[in-house]
1. (1) outside the structural domain of L140 (by TED's automatic domain parsing); (2) assigned to a loop (DSSP other than H, G, I, E, B): which one isn't true of L86, the others all being true?
2. Which one of A115, A173 is among the hydrophobic types (A, V, I, L, M, F, W, C), closer than 23 Å to G24 by Cα and surrounded by fewer than 19 Cβ atoms within 10 Å (Cβ to Cβ)?
3. Return the residues of segment 160-188 that are in a loop (DSSP other than H, G, I, E, B) and at pLDDT below 90; say none if nothing qualifies.
4. Which one of these does G95 not meet: (1) assigned by TED's automatic domain parsing to the domain that holds E23; (2) closer than 26 Å to V56 by Cβ?
5. If only one of R142, R125 is under 23 Å from L44 (Cα atoms), of a type outside the set (A, V, I, L, M) and either outside the structural domain of L214 (by TED's automatic domain parsing) or not in a loop (DSSP other than H, G, I, E, B) (or both), which one is it?
6. Report yes if some residue within segment 152-159 is surrounded by fewer than 18 Cβ atoms within 10 Å (Cβ to Cβ), over 23 Å from S97 (Cβ atoms), of a type outside the set (D, E, K, R) and at pLDDT below 90; otherwise report no.
7. I'm trying to understand the selection: among the residues of segment 44-73, which are among the aliphatic types (A, V, I, L, M) and either surrounded by fewer than 18 Cβ atoms within 10 Å (Cβ to Cβ) or part of a loop (DSSP other than H, G, I, E, B) (or both)?
Amino acid sequence: MLRLEGVGFAREGFSLAADWELEGPGVTAVIGPSGAGKSTLLALIAGFELPDRGQVWWNGVDLTPLAPGKRPVAMLFQENNLFPHLDVLTNVALGLSPRARPSAEAVERARGALARVGLAGMERRKPGALSGGQAGRAALARVLVTERPLVLMDEPFAALGPAQRAEMQGLVAELLPKATVLMVTHAPEDARFAGQTVFVAGGLAAAPAETAALFAAPPPTLRKYLA
């Protein structure tokens with residue numbers, strides 16, 4: 001279980017508060033206006049930002065004092081963060097063994113992850129030789145090898161067309177069935193495949209709500225955003 005206990009964060013006129021818990025596993029969408037704090041919410045959970053007050057808990061463990069690398073978190077960004085000078089296999093293996101020369105075990109696990117996302121045979125390609133959808137699959141493979149229970153995605157498929165986005169969302173649900181996934185998206189329609197949704201607006205990250213019910217009867221702030 002992810003628990004944000006009285007979390008508050010403020011910087012130069014921007015503020016964000018969250019006080020809720022999220023049962024896993026499953027996919028939870030994070031939506032809201034630009035600049036509302038969706039990425040900041042993920043950064044607080046991952047440890048890239050520290051709250052001014054409150055704690056971030058995972059299964060009863062206080063993550064707040066832990067460095068990002070010590071948290072049970074994997075992240076997937078819109079830019080995919082693939083190293084352009086390394087082939088796809090090495091990029092994925094670095095998720096498990098962050099060294100210039102990954103171990104043989106890391107390489108084999110990376111090879112298996114690439115096969116799971118449909119990139120078998122492309123291990124030696126450089127990221128620049130991949131399509132947008134293929135690069136997204138490679139980045140997802142790197143998340144798979146980490147086997148982290150908490151996966152944070154910051155608009156990972158925003159650059160893809162509707163069909164490719166739907167395909168990648170299906171892969172996330174299929175390949176990460178035991179993970180708790182928070183996925184930031186600017187497109188409300190993308191949230192509909194998620195079981196729950198967190199709406200971020202006006203300095204508040206609201207508690208997760210069942211997506212279908214939330215969209216069927218949105219509160220005024222969400223109705224305004226959807227309009």
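The values are calculated or read from the model by the stated rules, or taken from the named source; none is laboratory data. This is a predicted model, so every value here is computed, not measured. Here the Cβ positions follow ideal geometry from the backbone for every residue, glycine too, while neighbour counts run over all protein chains shown.
1. Just one mismatch for L86, condition (1).
2. That would be A173, the only listed residue that is among the hydrophobic types (A, V, I, L, M, F, W, C), closer than 23 Å to G24 by Cα and surrounded by fewer than 19 Cβ atoms within 10 Å (Cβ to Cβ).
3. L160, G161, T185, H186, A187
4. (1)
5. Unique residue meeting the criteria: R142.
6. So far as segment 152-159 goes, yes, one or more of its residues are surrounded by fewer than 18 Cβ atoms within 10 Å (Cβ to Cβ), over 23 Å from S97 (Cβ atoms), of a type outside the set (D, E, K, R) and at pLDDT below 90.
7. L50, V61, L63, L66, A67, listed by residue number.
Results for (1) touching a residue at least 40 places away in the same chain (Cβ under 8 Å); (2) touching a Ser or Thr at 6+ places or on another chain (Cβ under 7 Å), shown as yes or no for each residue.
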position: S97; (1), (2): no, yes
position: R109; (1), (2): no, no
position: A113; (1), (2): no, no
position: R116; (1), (2): yes, no
position: E155; (1), (2): yes, yes
position: A179; (1), (2): yes, no
position: A194; (1), (2): yes, yes
position: T197; (1), (2): yes, yes
